[in-house]
Structures are given as structure tokens and as C-alpha cells.
Amino acid sequence: MCGIIGYCGPKPAAGLLLEGLKRLEYRGYDSAGICVQAEGGGPLSLYKRKGKIRELIPLVPEELAGSCGIGHTRWATHGEVTDQNAHPHLDCSGRIAVAHNGIIENYLSLREKLASEGHRFASETDSEVIAHLIEKYYSGDLMEAVRRALALLKGTYGIVCLHRDHPDRLVGARQGSPLVVGIGHGESFLASDVTAIIGHTKQVVYLEDGELVCLTPEELRTTDLKDQEIQKKVEPVSWELEQIEKGGFAHFMEKEIFEQPESIKRAMGGRIDLEQATAHLGGLNMSNRDLLNVERVRIVAAGTSWHAGLVGMYLLESIARIPCTVEIASELRYRNPVVERNTLHFVVSQSGETIDSLYAMRELQRKGATVLGICNVVGSTIPRESNGGVYIHSGPEIAVASTKAFTSQITVFYLFSLLLGRMRDLSADAGSAFIRDLASIPAKVEAILAGSRGIRELARRYCHYQHFLFLGRGINYPVAMEGALKLKEISYIHAEGYSASELKHGPIALIGEETPCLFLVPDDGLRDKLLSNIKEVKARRGRVIAVCAQGDNEVRGIADDVIEVPRVHETFNPFLMVVPLQLLAYYAALELGRDVDQPRNLAKSVTVE
Ligand code: M6R
């Protein structure tokens with residue numbers, strides 16, 4: 001989704017802004033722009049255009065002077081993808097520039113009022129009203145003008161702005177759209193995401209909703225919307241620059257798929273207690289008594305994180321014997337959900353910024369729920385506002401298609417189920433066996449990755465089909481949905497994930513030579529049922545790819561193609577079933593020449609509704 005970068009310091013700003021924007025590309029965008037203050041208070045230099053940053057770069061003169069500026073990547077919401085609608089936006093005088101993430105819901109009435117007062121608009125965006133409101137209220141104090149403008153806005157924003165009369169300062173503000181300040185030596189940064197600035201500083205300040213910040217190269221001043229000073233904590237960022245680079249891989253998605261043996265290990269790291277045959281998850285902030293009092297679990301998430309939550313539900317019910325429901329965050333937040341006593345809530349989110357998940361969490365908290373986060377991005381909004389939680393420690397996930405976050409999220413659910421299970425029905429022996437199986441997963445994932453060539457060949461043969469069905473049962477049903485999501489989002493092949501048992505209730509009408517079915521058929525208690533489902537498809541001339549356990553000759557005998565994965569206790573199959581599906585989607589997208597890391601219309605972190 002949209003990205004913001006701001007810089008003030010001694011260095012030429014333009015190069016730093018463009019570099020920051022490139023680091024934000026992964027969020028998804030359709031146009032980009034920068035605005036730089038000329039040295040000594042001359043006119044603002046504004047460059048913006050639709051398309052990729054590589055198309056913006058030639059517009060910006062290499063020798064452009066000015067060491068304070070702002071930049072933006074836009075993901076269109078209000079107004080088409082055009083040069084005019086790209087940010088930053090200027091006021092009528094051309095002295096104020098603003099970049100905005102989020103949506104201003106009352107922009108039409110504001111725009112009409114401003115237009116009737118003589119303001120001239122150059123774009124169709126909701127964001128431009130902010131520049132004109134600041135212009136209206138400016139009388140020498142930029143921060144005050146921003147504060148007065150913000151008081152009129154309804155909706156969400158992360159903004160950064162500059163004024164020609166203040167060549168060494170930026171003003172930023174946040175309401176529902178993340179902003180982080182980077183503190184360097186004699187230089188300051190403002191960004192929507194730490195990835196934009198970690199090449200320059202590891203010292204950051206996270207802004208909260210309702211906060212404004214004024215930055216100069218030397219200092220920052222933070223206030224609330226009533227101008228009360230706020231003392232902010234400076235926090236370190238642990239991510240390294242190499243982690244947000246491709247490191248020899250063709251795409252971030254490929255790198256992230258291949259990182260999984262390590263990222264799964266990191267999600268388990270320091271959390272397994274061999275002696276007690278249980279897990280420790282310190283961040284939960286819950287005593288054993290609190291945990292014993294948990295009678296139900298509700299998991300809330302979106303997209304891939306929702307699929308991880310569904311895997312979690314199977315685990316919590318089967319291992320911990322706790323009733324569990326899983327809900328799509330955007331549905332829950334508008335449904336007036338009932339919060340029952342002794343129900344523990346989890347919000348799962350890789351980015352920690354997904355607006356639907358964040359607002360669902362706030363709604364639950366408002367109703368008195370204890371909500372724990374399962375997140376990847378340290379310092380993001382969901383972990384900061386939750387009542388506790390667990391970081392998955394995947395490292396930065398840059399590709400829009402989530403891969404390593406999924407396997408780390410489910411790792412946390414395995415650990416949590418073990419922890420609760422050991423407090424209830426699970427014996428020490430069963431707990432030890434569980435730990436042994438879980439610990440064996442990284443090596444097994446490694447083995448699947450080593451066989452990626454075969455999957456690439458399969459992708460080559462199947463990528464020209466227009467439709468796919470992904471079918472699984474039990475704990476692998478959400479994995480089938482995840483496989484379908486991966487394929488559709490990066491290859492644009494239409495794919496649906498179903499429970500194989502649902503075939504006969506409708507989707508079987510789609511079966512034929514033109515719709516291949518990918519079956520997840522591990523060696524588990526539902527295998528025979530799945531074999532019957534495969535036969536039903538074959539009887540209707542459907543093509544079948546099966547992901548099955550090594551040496552399963554029966555599956556090999558009936559499927560058209562198979563991908564074999566190592567054998568493991570059936571509880572742990574989701575790890576081994578999902579990796580081939582990630583690879584299949586990746587290679588299919590590659591074959592079709594798609595933009596794998598930044599698929600069309602998608603954003604990495606969905607911060608608007
Ligand atoms: O950051 P989150 O985990 O909250 O994101 C949720 C979804 O937007 C995300 O998983 C999305 O579905 C991915 N593109 C899936 O690959």
C-alpha cells in the first residue's frame with residue numbers, strides 16, 4: 001500500500017528519497033513522487049508520475065540541490081492512476097507539499113468548502129485537501145497549521161509535509177496509518193515503514209495514533225492533537241540491511257520460500273522446554289492460572305494469516321482440546337461480536353498493520369477481550385496495542401505473497417497448542433514426541449526445497465490452464481486454500497481452495513479436462529477418503545496433481561502427476577504440504593512472466609479498507 005519517506009539533514013535529499021521509495025516498492029504502488037526544498041528557501045522541486053520508480057528517476061535532475069524533502073508511493077484509491085493524482089500534493093501557492101497514506105472519508109465536503117473559498121485543486125485525490133487545509137491555517141507555524149487541518153479530517157492518515165518557509169523541517173502525523181521516525185547523526189527520517197530507512201539508522205521512534213511530530217536534522221518534537229508535549233522512547237531496530245536485499249535470489253519470494261528451514265527454526269528458538277516437554281511463550285503475559293482458565297480461543301486475521309489461524313484451530317482443538325473459532329477480521333469488526341468470558345483472542349498479522357485486523361482487535365478490546373498478537377514486524381501497531389503476544393521472528397518478508405510468515409505463524413500455533421495441551425490432556429511422552437516431530441520439520445522442508453526442480457517442471461506444464469482447484473481435508477484444508485491464494489495472487493490463474501469433501505456439493509460441476517485439481521493427500525486418517533475424491537475427479541476426465549507422502553504408490557498410480565514429500569506424523573503435514581504449493585505458484589508466475597514480488601493490484605500491507 002502507499003509508502004512515505006521524508007528526510008532532513010546535511011545530504012542531498014533526492015537520492016535518499018528515491019532510495020527510500022525503492023525500499024518501499026514491495027508494499028505495492030502504482031505511481032510515485034518526490035518533493036525537495038531548494039537550498040535557502042527557493043521554490044519546491046516536485047517530480048511525480050504514474051508507473052514505477054524507475055520511470056520517475058529520469059525526471060529528477062542528478063544535481064538537484066536541497067537537503068530536505070518528502071517522497072511517496074501511491075496505491076490508488078480516490079482518482080485514477082495519473083501523474084496529477086500521484087503525491088506529493090501542493091497547496092495553491094506551491095509553498096506546501098504533502099504526502100498522505102490512508103483515506104480521508106469527508107474529503108468531498110472539505111473540498112467543496114475549500115473550493116468555495118477560492119482554493120484550486122490539481123488532482124482528484126482525497127489527499128490534496130490536506131495541503132489546502134494547511135495552507136488555509138498557516139500563519140507562520142507549520143505544526144500548528146497541520147494540527148488545525150487534522151482536526152477537520154475524518155478517516156485515516158499518515159502524513160508528512162514541508163513548507164518552503166521552513167527549509168530544514170518536516171511535520172508528520174499519524175491516525176490509523178503507520179509512521180516511524182528515524183534518528184540519525186545530524187539527520188532525521190520519517191517513513192511509513194522501517195525498511196525505508198534501516199540503511200541509514202537503526203534508532204527509531206514509533207508514532208502512535210493522534211500524534212504529530214516536527215523534525216529538524218537535530219531534534220524532534222512530538223505532541224498530541226491538543227499540543228501537549230509527548231516524550232517518546234527511542235527504540236532499536238534489529239533487522240539488517242542484507243535481510244531486505246535479494247541476496248543472489250531472482251525474487252524476494254524465492255528467497256523467502258528458501259529461507260523457511262531457518263525461519264521455522266527461529267520461530268521455535270528458545271521456546272521449547274525439553275525437560276518439561278512443553279513450550280514457553282514469554283510474550284503472552286499470562287500466568288499458568290490464566291492459561292488454565294482459557295475455555296475458548298478465537299483467532300482473527302486476513303488472507304494468509306487467516307489460513308494460518310485455521311491451521312491453528314485444528315491444532316488447538318486436537319492437541320489442547322480447546323474449542324476454537326477463526327474469523328476474517330473485516331467481517332468480525334462490523335459484526336458487533338460477542339466477547340465471552342474466558343475466551344482468549346489472537347490477532348494474526350505478518351505486518352502488524354493490516355487495518356481490518358487492527359480495527360477488529362480494537363473492537364474486541366473495547367468489549368473487554370484480552371487480545372494477543374502473532375506478528376512478524378517488531379514495533380508495528382498490532383503488537384504495540386495488543387495485550388501481549390508472540391513475534392514469529394521470520395525476518396522481513398518483502399514479497400507481497402506471504403510464504404515464510406505462514407510457516408512461522410503455524411509454528412507458533414504448534415507451540416501454543418503444545419503449551420496448553422501439556423496443561424490439560426497431553427502426557428509428557430506425547431509432548432516429547434510432539435517436540436521431536438516439530439524439530440524434524442526444518443530438515444524435511446529443506447529436502448522439499450532440494451527437489452524444487454521437479455516442481456518447476458510441473459509448473460511449466462500446468463501454467464497455461466485458466467482454472468485450478470486445490471483440495472485438501474482436515475488440517476490440510478486451509479493449506480489447500482493457501483495454495484490457491486498463492487497461485488491466484490502471483491500468476492493470476494483462477495484458483496479455488498476447497499475441502500475435498502465439498503466437491504460433491506458443487507465444485508464437481510467444474511471438473512473436466514480444463515480444470516486441473518491439486519489434491520493434498522498425505523498419509524493420514526483421511527487418505528482413503530481423498531483417494532475416493534481423486535477417483536471421482538478422474539472419472540470425469542479431470543487432471544490430478546497430488547502432493548503425497550514419499551513412496552505412496554497408490555496415489556502415484558491414480559494421479560497424473562505427484563509431488564512427494566517426506567513422511568511425518570500427520571499433525572505436522574501442513575508444513576510439508578504448503579511448501580510445494582508455494583514453489584508451484586512461484587514457478588508458474590515466473591513461466592508466465594508475471595511481476596512475482598509485486599503482483600498487480602496487490603499491496604503487501606493493507607492499511608486502507
Ligand atoms: O500482514 P498481514 O498478515 O495482516 O496480511 C494479511 C493479508 O493481507 C496477507 O496475508 C495477504 O493475503 C497476502 N498477500 C497473502 O499472500
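Observations on the model:
- Percent antiparallel among DSSP beta bridges (both partners in the chain, rounded to 5): 60
- Available extension along the chain between A447 and D165 is 95.4 nm, counting 0.36 nm per residue and deducting the alpha carbon span.
- Average accessible surface area per residue within the chain, 1.4 Å rolling probe, Å²: 38
- Cβ-Cβ FRET estimate between S287 and S432, R0 fixed at 25 Å, reported to 0.05: 0.55
- Listed residues H280, H200 arranged by accessible area, highest first, probe 1.4 Å: H280, H200
- Rg/Rh for the stretch 103-238 stands at 0.98; both radii use Cα atoms, and Rh follows the Kirkwood definition.
- Lys/Arg +1, Asp/Glu -1 at C-beta; the chain dipole; positive extreme among Q350, Q276, L590: Q276
- Student exercise, the stretch 39-118 dipole from Lys, Arg, Asp, Glu Cβ charges, in Debye to nearest 20: 200
- Distant alpha-carbon pairs in the stretch 3-237 (separation over 27 angstrom), percent: 24
- Loop-resident sites, the stretch 518-597, for trypsin sites (Lys or Arg not before Pro), counting at most 10 other Cβ within 10 Å (DSSP): R541
- Short-range pairs are left out: with C-alpha atoms under 8 Å and at least six residues apart, the relative contact order of the stretch 276-358 is 38 percent.
- Counting DSSP beta bridges with both ends in the stretch 246-449, the antiparallel % (nearest 5): 10
- Loop-resident trypsin sites (Lys or Arg not before Pro) (DSSP state other than H, G, I, E or B) in the stretch 144-239 with no more than 11 further Cβ atoms inside 10 Å of their Cβ: K226, K233.
- The calculated FRET efficiency for the pair E340 and S440, based on their C-beta separation and a Förster distance of 30 Å, comes to about 0.20.
- Simple rule: put +1 on each Lys or Arg Cβ and -1 on each Asp or Glu Cβ in the chain, find the dipole, and look at G379, I244, A401; the Cα lying farthest toward the positive end is A401.
- Using the Cβ-Cβ distance between N106 and D83 with R0 = 30 Å, the FRET efficiency computed as 1/(1 + (r/R0)^6) comes to roughly 0.70.
- Using alpha carbons only: equivalent-ellipsoid semi-axes of the chain, gyration tensor based, whole Å: 45, 27, 21
- Inter-probe distance in nm under a simple model that places probes 7 Å from Cα toward Cβ, at K529 and E63: 7.4
- In the structure shown, the pairs K404/K504; K255/K535; K404/K488; K154/K488; K444/K486 are assessed against 25 Å; a Cα-Cα span above that value is assigned to K404/K504; K255/K535; K154/K488.
- Of the two radii for the stretch 225-349, the radius of gyration is 1.04 times the Kirkwood radius, both from the alpha carbons; that is the Rg over Rh value.
- Relative contact order of the stretch 246-449, defined on C-alpha pairs under 8 angstrom at six or more residues apart (%): 31
- Quotient of the Cα radius of gyration of the stretch 451-594 and 2.2 N^0.38 Å, N being its number of residues: 0.93.
- Orphan Cys of the chain, criterion: no other Cys C-beta under 4.7 Å: C2, C35, C92, C161, C214, C324, C375, C463, C517, C548
- Since only V213, Y26, T201 are under comparison, the one whose Cα sits farthest along the positive direction of the charge dipole of the stretch 3-237, derived from C-beta charges on Lys, Arg, Asp and Glu, is Y26.
- The accessible surface of the stretch 86-188, taken with every protein chain in place and a 1.4 Å probe, is 48 percent carbon and sulfur.
- Lys, Arg +1 and Asp, Glu -1 on Cβ, resulting dipole of the chain about Cα centre, debye, nearest 20: 840
- Overall form of the stretch 139-186 per C-alpha gyration tensor (a/c, 1.5; a/b vs b/c): oblate
- Computed accessible area, V234, all protein chains, 1.4 angstrom probe, square angstrom: 70
- Debye intensity ratio I(q)/I(0), log10, the stretch 246-449, q values 0.09 Å⁻¹ (C-alpha model): -0.32
- Descending semi-axes in whole angstrom, ellipsoid equivalent of the stretch 435-486, from the Cα gyration tensor: 25, 18, 6
- Percent carbon-and-sulfur accessible area, the stretch 440-517, ignoring ligands, DNA and RNA, probe 1.4 Å: 51
- Largest accessible area first, the residues W239, W75 order themselves as W75, W239 under a 1.4 Å probe with ligands, DNA and RNA left out.
The values are calculated or read from the model by the stated rules, or taken from the named source; none is laboratory data. If you're wondering where the values come from, they're calculated on a predicted model, not measured in any experiment. Note: ideal-geometry Cβ built from the backbone for every residue, glycine included; neighbour counts use all protein chains shown. The accessibility values were calculated without ligands, DNA or RNA, using every heavy atom of the protein model including side chains. Shrake-Rupley method; radii C 1.70, N 1.55, O 1.52, S 1.80 Å.
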